[in-house]
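Contents: one structure, followed by commentary.
The numbers here are math on the coordinates, done by the rules we state, and not lab data. Worth saying up front: this structure is predicted, and the values here are computed from it rather than measured. For neighbour counting, all protein chains shown are included, and Cβ atoms are generated from backbone atoms with ideal geometry for every residue, glycine included.
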């Protein structure tokens, strides 16, 4: 089973929004099964957002991605590229609240 290591570029890590995007991307890799692990924890299926969140991956931490099935190398290329992109740097990310709301 091919395996790759990647450092999480998103400053906050694999938080809710990023974990959801990560899981959707992993789901699009079917029939390839993609797994993700952190720091000696057991690997989890990357397409299961709640399992990804339970890994508690922070920005700057390394994850290990593995995949099995036809197209595993291509799937890992896409997953590594996702992990190594800072998704918190997107315009409009963060800030919270409602723009223009007045009391």
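Structure data summary
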item: Segment 1-22: number of residues that are within 14 Å of residue 56 (Cβ to Cβ) and surrounded by fewer than 16 Cβ atoms within 10 Å (Cβ to Cβ); result: 1
item: Matching residues, segment 28-77, being buried (at least 20 other Cβ atoms within 10 Å of the Cβ) and touching a residue at least 60 places away in the same chain (Cβ under 8 Å); result: 65, 67, 76
